[in-house]
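Novice: Have a look at this one.
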Amino acid sequence: MCGIIGIVGHSEVNQALYDGLTVLQHRGQDAAGIVTCNEEGKFYLRKANGLVKDVFHTRHMRNLNGNMGIGHIRYPTAGCSTLAEAQPFYVNSPFGIALAHNGNLTNTKTLKEELFQADRRHLNTDSDSEVLLNVLAHELQKECDLTPTAENIFNAVKKVHQRCKGAYAVVAMIAGVGIVAFRDPYGIRPVVIGKGENKGETDYIVASESVAIDTLGYELIRDIEPGECVFIDKESNFYSEQCAEPEIMSPCIFEYVYFARPDSIIDGISVHRSRSRMGSKLAEKILRENPNHDIDVIIPIPDTSRSAALQLSYDLGVQYQEGFIKNRYIGRTFIMPGQTQRKKSVRQKLNAIDIEFKDKTVLLVDDSIVRGTTSQQIVEMAREAGARKVYFASAAPPVRYPNVYGIDMPSPEEFVAHDRNVKQIAEELGVDWLVYQDLEDLIDAVNDEKNIASFDTSCFDGQYITGDIDESYLYYIDALRNDNSKQLTEKSNAVIELHNNA
């Protein structure tokens, strides 16, 4: 999962891009990058591994000149965290194009071969984002020799949709021309459009989440539709066209469960309200399964479970308390590469308030349970704090299948729910009772107004909406993304770094 942003304005956009990436930091902590473009069509790039605040210093910001630009924050889905794969990517032919991408192409291997054999294009990394950029560049080059028009761009994006499979929300910048944004035909990954007034002129912004648009003072217009392409030229003229026949719209439901900020609105759905409804659905299930429960207190595992836990508390009539204090200087453990780093960070990130646990039957609430290692340690902390019993509720169903659309859920064998029923999972986590959200209830909670036809729920039910995922592909990504592979990658990167610094 990554975050993207693009702005076409009438004044310098470097600070706005920086601020927007900071707001989207929850979507990736591995690397950050910004490319701006001045009136002469010259690109200025800064990207590096690390958080936004660490990547961009005053000297870098001064060099990022121009009234339009794009930015990216990266979370690697293949365990690779080299600087070479930080985004945005850039190609100089044709015109000069920079691109940032959120999602995952499922036919990367085929596209790589096509780009080399037929398109005669060189790839320098293993990133599918570089593949996508080169496909776009090749199709644009076939469309026109001089400055591309909106029609040229839309025709090129139509070809991109025909060639690229999987999930993608893209923002690209063409030197001296403008910014292009488009979304896969299923709308799996989110991207929204906003506008604002600047000296009597209209500025435009595209971003992964509406929260970036809100905090920068823009007005949210709408989501980019599945298969739609938006082009904003350097004078802020706005164009859009449907460039692929939209499939059954199927946004990723895990955005609402975990990834998106609660103050975002994605495809017309409030993330906060959807999480609150998840809490109500959990309350209904608890009352069905255990109507005479002895829960004394409900405690959320910060931060993403708070909305669900608070509503669950209200519906059950059970006291809600904050029982864990979070160190905000530790990143999100779900998106940390490698099991060792995730384990190490849990105790550093959370500390229990003993008086909220002592001699009580505690219901811990989390947004989801993936590998289970974080949950195990939190349960241990609750018991050490004096809890008489520890129950656990997940606002999402058991995660049993890998996600292939841009979320790091690689190997089924690493999931705590792999080949286990709920009772066995409870034993593995060390809890006295475990309750999962039912998938139907999760969908109802998110889609309360029934305005979305379908959701990507593949990590829960193994149904891959793009229809091109088979066992061989799952085996392929498992080899790339499991924790053993990540540890080897981390060691290789460390050796390379030592060599470069020698």
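The values are calculated or read from the model by the stated rules, or taken from the named source; none is laboratory data. Note that the coordinates shown come from a computational prediction; the quantities given were computed from them, not determined experimentally. Positions of Cβ are generated from backbone atoms using ideal geometry, with glycine treated the same way; all protein chains shown enter the neighbour counts.
Novice: Criterion first (touching a residue at least 12 places away in the same chain (Cβ under 8 Å), more than 26 Å from ASP214 (Cβ to Cβ) and either in contact with an Asp or Glu (Cβ under 6 Å, 6 or more places away or on another chain) or hydroxyl-bearing (Ser, Thr, Tyr) (or both)) does TYR44 satisfy it?
Specialist: Answer is yes for this residue.
Novice: Return the pairs, sorted by first residue and then second, in which the second residue is crowded, with 24+ Cβ neighbours inside 10 Å, the first residue lies in the stretch 185-206 and is outside the structural domain of ALA172 (by TED's automatic domain parsing), the beta carbons are less than 8 Å apart, and the residues are 6+ apart or on different chains.
Specialist: none
Novice: Being touching a Lys or Arg at 6+ places or on another chain (Cβ under 9 Å), surrounded by fewer than 20 Cβ atoms within 10 Å (Cβ to Cβ) and either over 17 Å from GLY406 (Cβ atoms) or not assigned by TED's automatic domain parsing to the domain that holds HIS161 (or both) is the filter here; which residues of the stretch 106-146 pass it?
Specialist: THR110, GLU114, LEU123, LYS142, GLU143
Novice: When the stretch 33-61 is examined, which residues are found to be within 17 Å of GLY9 (Cα to Cα) and of a type outside the set (Ser, Thr, Tyr)?
Specialist: Those that are within 17 Å of GLY9 (Cα to Cα) and of a type outside the set (Ser, Thr, Tyr): ILE34, VAL35, CYS37, ASN38, GLU39, GLU40, GLY41, LYS42, PHE43, MET61.
Novice: So, restricting to helices (runs of 4 or more DSSP H) that lie completely within the stretch 396-500, which ones have at least 2 residues that are under 29 Å from ASP128 (Cα atoms) and modelled with pLDDT of 95 or more?
Specialist: The qualifying helices (runs of 4 or more DSSP H) are 458-461.
Novice: Another question, then. Please work out if ILE266 is over 19 Å from the mean Cα position of the chain (by Cα), closer than 26 Å to ARG74 by Cα and either in the same structural domain as LYS112 (by TED's automatic domain parsing) or not charged (D, E, K, R) (or both).
Specialist: Judged against the criteria, ILE266 is not a match.
Novice: So, one more: Is it the case, given these coordinates, that ARG288 is in the same structural domain as ASP448 (by TED's automatic domain parsing), surrounded by fewer than 24 Cβ atoms within 10 Å (Cβ to Cβ) and either under 24 Å from VAL180 (Cβ atoms) or of a type in the set (D, E, K, R) (or both)?
Specialist: yes
Novice: I've got another one for you. If you go through the stretch 195-249, how many residues are out of contact with any helix residue (DSSP H, G or I) (no Cβ under 6 Å at 6 or more places or on another chain), over 23 Å from PHE154 (Cα atoms) and of a type in the set (S, T, N, Q)?
Specialist: 2
Here is a yes/no grid of residues against (1) within 17 Å of the chain's Cα centre (by Cα); (2) at pLDDT 95 or above; (3) among the hydrophobic types (A, V, I, L, M, F, W, C):
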{"position": "GLY194", "(1), (2), (3)": "no, yes, no"}
{"position": "VAL206", "(1), (2), (3)": "yes, yes, yes"}
{"position": "THR215", "(1), (2), (3)": "no, yes, no"}
{"position": "TYR239", "(1), (2), (3)": "no, yes, no"}
{"position": "PRO251", "(1), (2), (3)": "yes, yes, no"}
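Novice: Within the group THR304, THR340, which residue is in a helix (DSSP H, G or I) and modelled with pLDDT under 95?
Specialist: THR340
Novice: Return yes when ALA396 is closer than 24 Å to LEU282 by Cα and not acidic (Asp, Glu) and no when it is not.
Specialist: Answer is yes for this residue.
Novice: Kindly establish whether ILE298 is buried (at least 21 other Cβ atoms within 10 Å of the Cβ), in contact with a strand residue (DSSP E or B) (Cβ under 9 Å, 6 or more places away or on another chain) and within 24 Å of ASN155 (Cα to Cα).
Specialist: For ILE298, the condition - buried (at least 21 other Cβ atoms within 10 Å of the Cβ), in contact with a strand residue (DSSP E or B) (Cβ under 9 Å, 6 or more places away or on another chain) and within 24 Å of ASN155 (Cα to Cα) - is not met.
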